[in-house]
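Report on the following structure.
The values are calculated or read from the model by the stated rules, or taken from the named source; none is laboratory data. Please read all numbers here as calculations on a predicted model, not as lab measurements. Using ideal geometry, Cβ is built from the backbone for each residue, glycine included, and neighbour counts are taken over all protein chains shown.
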Amino acid sequence: MSANTIIEAHNLTVLYGRKPALWNVDFTLPEKEVIGIMGPNGSGKSTLLKSIMGVVQPTSGFTKVYDQELDTVRDRVSYVPQRQDIDWDFPASVWDVVSMGRFQKRGLFKKLTTEDKDIISESLEKANMLGFAKRQISQLSGGQQQRVFLARAIAQQGDLFLMDEPFAGVDIATEEMIVSLLKEMKDEGKTLVIVHHDLHTAQSYFDHLVLLNTRLVACGPTKDVFTDKFLTDTYGGKLTTIAKISQELENKEFPIRHK
Amino acid sequence: MNVWEHITTFFSVENYTLFVVSIGSGILCLAAGVVGTFTYLRKRALIGDVISHSVLPGVAIAFILTGVKNPLYFLLGAIISGLISIWIVDYVQTKSKLKPDSILALTLSVFFGIGVVLLTKIQHSGNAAQSGLDSFLFGKAASMSMLDVQLFSAIAIINVICIALFLRSFSIISFDENYAKGLGFNVRLIKGFLALLTVVTVAIGVQAVGVVLMAALLITPASGARFLTNSIRRMLIYSGIFGFASGIIGVFISYSGTGMPTGPWIVIVLSAFTLSAILLGKQRGVFARMKVRQNNHVKINNENVLKDIYKLADKGLKTITTKELIDKEKHQPKKLKSTLARLEKLDYVDLVRGMVILSDKGRIAAREVIRKHRLWEIYLSKYFQLDADHLHDDAEGIEHIITPEIEKYLIKLLERPETDPHQSEIPY
């Protein structure tokens, strides 16, 4: 692994039941870049982020962040879960949600300090949501919800951001806003790992790409990876073979490997 | 006895026991309402039912093992079998393809079935101490002993204190479990602790209101409180108040009649509170929403009449009569009269002897409606390839909805057009 590696996945396998969501995935990602994780639906993109964040436990293999166990560097990593996974009718204001970004520093019992509140305001400002601080989260549009999640991640003040589909279902204004925010963050030396599925924008958004279809198809600088061959491998014919095998494992209760 | 006498007797010192029972029930329902808020927010309403039915075998086994009717043993048995039921639900959910509702229903019936079998066996065993064990099915608050009440209140208070202390933990796992895991919090521990508090509450509550009604104590206060507020803290407070008041009032009602059951009365009072909250809630309540619809209706009427006056009066410069409005624009005379009266009050029009004169304020308002109507027509025809004769009806509805921000956006998007698809001028 080279000096500027920020995330390393080694033989990462995650099974849901017997069905592999990720299958022997190996890669390293460079720091201070905008990195896209792409692949068709159900190709394990979210699972990959979740296993890096320790939200799901790998069946075998491991991931490392800054060449260390996640727990030792967790305060440098901010996670933006998928917006659709949350019940937005929950009784909370925009401020309440963004202040969760400070819970890691303050723990589950200590009161938030004035410094925390300044950070929360700044994060809201960066995500263009300060005017909505007191708004009920149930009254937000999809784009505004996404900005709240971004503000919460910014409030953590990490160096590495893992974002699950931040562009899914948001309006153009929000998409443009997020893109310029990402640029700003990259210039500040942050690393951004983003699950994405719009091929049209991939080349302009990302410096580096991970193409995933349960197995790793390709990983490298966008100019090397965003090629017809790799894209066909990811989205085209081979998909069905992997999917068929996975289905066999699931239906016939085969083990993924023998001892 | 009249109601006042009832109340004074109820709270007199001679009636100390009854007083304690009512306060005890109040605290119990308060604890259930507060813990239940998280059950409700985590969308696990049915879990309450599962736990309450599942404590039964624990109680029966506690009696079989000890042979005495000690509330502490019952509580212990109830908590253990309640925890086992939750664990089974979670375990089966991760390991099988059964749908969550089937798992809940199955666990509930299996535990309840075992409980009833054991209780029947105990009743036929001839043990003199067993009488009254079946009160676990339907509750027995009025016959609670002082010891019961003191024990339950103590545990309920501990329960509430724990929730106050762990508010942040419980909120974050209820809202966004994955994020909490990502922050490195021990989500399993927090969930386990919340489950323990829930089970303890249910185990106590079952001894007062019985397994059948316990779930109501957990879920009903929170469902009502949700209609009153958008803040989780206030929701907890309202749930607690609903619970406490229902506990006391329920005991009072069942005391004032002869042979009236306490548990069911507590639940009925609780439901009355919740129903009122659903009807009266300021933002989410049924009446509030009716009021919003009513206001929309008034706004639509006002704007339609203003618009028609403006057009009929040649951009508001001429004076027209009410009769002209009725004849040419097909307004209903009665409705028009009330709308005009309202518009006069708002200084949009002056009404002089059957004549309608648009004020400056009215003219501005009318132009705004027409502008929005025509902008929407342009927008539709430009982006959706609609024929010109399909635009009007759509715009009739949308003209009342467009906010100043959307209007600004439309003007920018359409590059401040001069005329609409019917070549009518847009009044800026």
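Those residues that are more than 14 Å from chain A (Cβ to nearest Cβ) and buried (at least 21 other Cβ atoms within 10 Å of the Cβ), I need them from region B:159-194; list them, please.
Within region B:159-194, just B:ASN159 meets the criteria.
Just one of A:LYS117, A:LYS110 is surrounded by fewer than 21 Cβ atoms within 10 Å (Cβ to Cβ) and more than 10 Å from chain B (Cβ to nearest Cβ); which is it? Within the list A:LYS117, A:LYS110, the selection yields A:LYS117. Condition (residue is under 17 Å from B:LEU41 (Cβ atoms), touching a helix residue (DSSP H, G or I) at 6+ places or on another chain (Cβ under 6 Å) and away from every other protein chain (no Cβ under 14 Å)) applied to region B:110-117: is it met by at least one residue? Checked against the condition, which is being under 17 Å from B:LEU41 (Cβ atoms), touching a helix residue (DSSP H, G or I) at 6+ places or on another chain (Cβ under 6 Å) and away from every other protein chain (no Cβ under 14 Å), region B:110-117 yields no hits at all.
The set of residues from region B:269-320 being under 29 Å from B:ARG234 (Cα atoms) and among the polar types (S, T, N, Q) comprises B:SER271, B:THR274, B:SER276, B:GLN283, B:GLN294, B:ASN295. For region B:341-378, a tally of residues being aliphatic (A, V, I, L, M), farther than 15 Å from B:ILE300 by Cβ and in contact with a helix residue (DSSP H, G or I) (Cβ under 7 Å, 6 or more places away or on another chain) returns 5.
Annotation: of all residues in region B:218-231 being of a type in the set (A, V, I, L, M) and under 13 Å from B:THR39 (Cα atoms), the one that is nearest to the other protein chains (Cβ to nearest Cβ) is B:ALA222. Please work out if A:GLN57 is part of a loop (DSSP other than H, G, I, E, B), over 16 Å from B:LEU183 (Cβ atoms) and more than 8 Å from chain B (Cβ to nearest Cβ). Against the criterion (part of a loop (DSSP other than H, G, I, E, B), over 16 Å from B:LEU183 (Cβ atoms) and more than 8 Å from chain B (Cβ to nearest Cβ)), A:GLN57 qualifies.
Here A:PHE206 meets each of (1) surrounded by 12 or more Cβ atoms within 10 Å (Cβ to Cβ); (2) in contact with a Lys or Arg (Cβ under 8 Å, 6 or more places away or on another chain) with one exception, condition (2).
So for region B:253-272 (the condition being within 14 Å of chain A (Cβ to nearest Cβ), out of contact with any Ser or Thr (no Cβ under 9 Å at 6 or more places or on another chain) and either surrounded by fewer than 17 Cβ atoms within 10 Å (Cβ to Cβ) or closer than 30 Å to B:GLU5 by Cα (or both)), does at least one residue qualify?
No, there is no match, as no residue in region B:253-272 is within 14 Å of chain A (Cβ to nearest Cβ), out of contact with any Ser or Thr (no Cβ under 9 Å at 6 or more places or on another chain) and either surrounded by fewer than 17 Cβ atoms within 10 Å (Cβ to Cβ) or closer than 30 Å to B:GLU5 by Cα (or both).
Every condition in (1) within 21 Å of the chain's Cα centre (by Cα); (2) away from every other protein chain (no Cβ under 13 Å); (3) farther than 22 Å from B:ARG168 by Cα holds for A:GLU125 except the one numbered (1). Considered as a group, the residues in region B:138-154 that are surrounded by fewer than 17 Cβ atoms within 10 Å (Cβ to Cβ) and in a helix (DSSP H, G or I) include one that is modelled with the highest pLDDT, and that residue is B:ALA154.
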